[in-house]
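To keep things clear, I will list the structure first and then write my remarks on it.
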Amino acid sequence: MAEGSTGDGAPALHETAEKALDRLVSELRPQLHRFCARMTGSVIDGEDVVQEALLKAIEALPRTGPLTNPEGWLFRIAHNAALDFLRRRARHEAAHSDEDPDMVAAPANPVHDRQVAAASLRTFMRLPVAQRCTVILKDVVGYSLQEVCDVMGGSIPAVKAALQRGRTRLRELAEEPDDIMPPVLAGPERARLMNYVDRFNARDFDAIRNMLADDVRLDLVNRLRAKGRSEVGQYFHRYSLSSDWQCVPGFVDRRPAILMFDPQDLAGRPWYFIVLDWTNDSVVGIRDFRFARYALEGAELITLG
């Protein structure tokens, strides 16, 4: 009998569980990202948390018994991963909940629903963590109060209180003027990003390959990963075969990025984006969201003038 086999079909059951998890992740990934992006205040950081949560789910699956609510289980892992991320990033606003469990939450209404839908990720970050989480799970993801409790822990009265306070604060924030200055790039950073975009649009991929560090890493989000000049070079070959893109330098959630537009609709909204990491003048990391277009939802997008 093979090591780890129980002789009663356990390996096959585990394989079935993995396939079920893959299907669930495929269905829920946009929702998971929607939740994590609003928890972290960034669509880019949100994807980091999603990937961390999925890795934790895969690692936990072999020692997890039958799941009566696999979706809630996955969101609970994402919730905990988001909190871990926030702690690492040293965002300590309202690390401990101060909700009054005796408060009764006001019912949702269409005006409030539009305010939540329009709220920027930066606005969500101005809510204390517990309020932010309850509003996102209830008003963005669409969970019931009991499902929110299952993800976050705690009681329904405490969740209602956090929801009430979070909704009230969002309404207040919606009335405040947005006077934050647009992001800017220093001269050298701007020059290297513009050079990369110019070479990409000209399909001069040999020139771009010369910009890559030897140990460059590629994350084609939701599709594949590669490392090293040789492997990553194939990525550019695939782009050379397509014509459904046009690069425009800009910012995503105030971070330098390449906005990818439909070449027939440059005045429209970008389809997806690419983020580059640099060491001096060498590209050490590429994160391409071509196959994760859900990540644009809620992002603050600015083109570089």
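The values are calculated or read from the model by the stated rules, or taken from the named source; none is laboratory data. Just so it is clear, the model here is predicted, and its values are computed rather than measured. Note that each Cβ is placed from the backbone with ideal geometry, even for glycine, and that neighbours are counted across all protein chains shown. All accessible areas refer to the heavy atoms of the entire protein, side chains included, with ligands and DNA or RNA removed. Shrake-Rupley method; radii C 1.70, N 1.55, O 1.52, S 1.80 Å.
Just how large is the dipole of segment 194-277 about the Cα centre, in debye to the nearest 20, putting +1 at every Lys and Arg Cβ and -1 at every Asp and Glu Cβ? Kindly include the intermediate steps, with their values, before the conclusion.
Values: 12 positive and 12 negative charges, 38 e Å.
Dipole size: approximately 180 debye.
Order Thr168, Thr40, most accessible first, counting only protein heavy atoms with a 1.4 angstrom probe. Each step should come with its number before you reach the end.
Values: Thr168 50, Thr40 5 Å².
Heavy-atom accessible area, descending, gives Thr168, Thr40.
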7 Å from Cα along Cα→Cβ at both Arg254 and Asp198: what's the point-to-point distance in nm? 2.9 nm
Answer in debye to the nearest 20: the dipole magnitude of segment 251-305 about its Cα centre, from +1 Lys/Arg and -1 Asp/Glu charges placed on Cβ, is 80 debye
Grab the beta carbon distance between Ile302 and Ser144, set R0 = 51 Å, and tell me the FRET efficiency rounded to 0.05. 0.90
Report the accessible area of Met181, computed with a 1.4 Å probe over the heavy atoms of all protein chains in place, in Å² rounded to the nearest 10. 140 Å²
Descending accessible area (1.4 Å probe), largest on the left, turns Lys56, Lys227 into Lys227, Lys56
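Note the full-extension length gain between Arg190 and Leu83 as 0.36 nm times their separation in residues minus their Cα-Cα distance, in nm to one decimal. Numbers along the way, then the final one.
Details: separation 107, 0.36 × 107 = 38.52 nm, distance 3.33 nm.
Here the answer is 35.2 nm.
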For Arg171 and Asp22, compute 0.36 nm times the residue count separating them, minus their Cα-Cα distance, and round to one decimal in nm. 49.9 nm
Of the candidates Ala226, Ser282, Leu241, the farthest towards the positive dipole end of segment 226-305 (Lys/Arg Cβ +1, Asp/Glu Cβ -1, centred on the Cα centre) is Ala226
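What size of dipole, in debye to the nearest 20, comes out for segment 238-278 about its Cα centre when the only charges are +1 on Lys and Arg C-beta atoms and -1 on Asp and Glu C-beta atoms?
On the way: 4 positive and 5 negative charges, 23 e Å.
It comes to approximately 100 debye.
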Using θ = phi - 60° and the Karplus relation 6.51 cos²θ - 1.76 cosθ + 1.60, list the HN-Hα couplings for segment 55-72 in order, rounded to whole Hz, with x at every Gly or Pro. 5, 5, 5, 5, 5, 7, 4, x, 9, 9, x, x, 9, 7, 9, x, 5, x
Any idea how far apart Val284 and Asn210 come out in nm if each label point goes 7 Å out from Cα toward Cβ? 2.3 nm
